[in-house]
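Report on one structure; see the data block that follows.
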């Protein structure tokens with residue numbers, strides 16, 4: 001009978017150590033901190049999944065466009081095909097530069113003495129477009145960085161608060177047995193765990209995505225330089 005009673009108490013302790021029980025055990029401040037960490041973690045994962053899927057699609061679309069660009073076909077034909085709906089940043093850069101080129105040709109600017117200004121405008125257009133497209137790809141990355149840097153401290157705040165509640169329980173009950181302090185300590189450690197669960201994926205994903213975007217940005221810069229050289233040669237030929 002005594003063993004049976006101990007088993008029941010152990011089962012009750014297990015129930016009290018479930019995440020929901022630990023959440024309900026805390027006071028309002030602890031619950032608010034935990035909710036913040038859970039929401040931050042869920043939002044972080046949504047951003048992470050969205051960014052990885054989007055970058056995979058962007059790279060695939062960029063590879064297809066770049067292969068077509070260097071296939072030797074007419075740039076005018078390629079522009080007519082992708083101008084309405086460019087599906088990747090490299091195509092957007094191409095369309096923006098070609099649009100400036102076509103407007104200048106239609107106005108008769110492509111002639112001696114005026115090509116230098118046109119080259120500068122095309123380079124400026126591509127630079128601005130690269131910045132705008134990279135800013136779009138990097139959207140919400142700052143949130144991951146913020147979660148990675150602040151979530152452990154929010155969890156630590158919950159830990160400190162939980163320990164304070166444990167000491168308060170000891171003082172009020174005048175009993176320092178494990179049964180008195182265990183709920184508060186478990187609650188405190190759970191807050192730390194939530195902080196790490198939110199922070200670790202956010203930091204890892206942020207570093208990976210930053211590295212990926214940096215390489216992609218360099219790829220766009222290289223394409224812009226090469227395309228600028230192609231247009232420059234054509235301008236020089238037309239100006240003769």
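The values are calculated or read from the model by the stated rules, or taken from the named source; none is laboratory data. Just so it is clear, the model here is predicted, and its values are computed rather than measured. Backbone-built Cβ (ideal geometry, glycine too); neighbour counts: all protein chains shown.
Taking residue 5 as the residue in question, decide whether it is modelled with pLDDT under 95 and at positive phi. Answer is no for this residue. The requirement of being at pLDDT 95 or above, touching a helix residue (DSSP H, G or I) at 6+ places or on another chain (Cβ under 9 Å) and under 27 Å from residue 214 (Cβ atoms) is satisfied by residue 144.
Any idea which residue in region 122-140 is surrounded by the most Cβ atoms within 10 Å (Cβ to Cβ), counting only those that are closer than 18 Å to residue 232 by Cα and out of contact with any helix residue (DSSP H, G or I) (no Cβ under 6 Å at 6 or more places or on another chain)? Working first, answer last.
First, pick out the residues of region 122-140 that are closer than 18 Å to residue 232 by Cα: 122-127.
Okay, now just the ones that are also out of contact with any helix residue (DSSP H, G or I) (no Cβ under 6 Å at 6 or more places or on another chain), so 124, 127.
Numbers: 124: 11, 127: 14.
Within region 122-140, the match that is surrounded by the most Cβ atoms within 10 Å (Cβ to Cβ) is 127.
Look at region 61-84: where a residue is without any contact (Cβ under 8 Å) to a residue 24 or more places away in the chain and a partner is surrounded by 11 or more Cβ atoms within 10 Å (Cβ to Cβ), sitting 6+ places away or on another chain with Cβ atoms under 6 Å, you get 79/98; 82/91; 83/95.
In region 69-87, which residues are within 30 Å of residue 211 (Cβ to Cβ) and exposed (fewer than 15 other Cβ atoms within 10 Å of the Cβ)? Write out each step before concluding.
Step one: of region 69-87, the residues within 30 Å of residue 211 (Cβ to Cβ) are 69-71, 82, 85-87.
Within region 69-87, 70, 71, 85 qualify.
When the criteria are applied in full, residue 102 fails the requirement of being surrounded by fewer than 18 Cβ atoms within 10 Å (Cβ to Cβ), closer than 26 Å to residue 210 by Cβ and either modelled with pLDDT under 90 or under 20 Å from the mean Cα position of the chain (by Cα) (or both).
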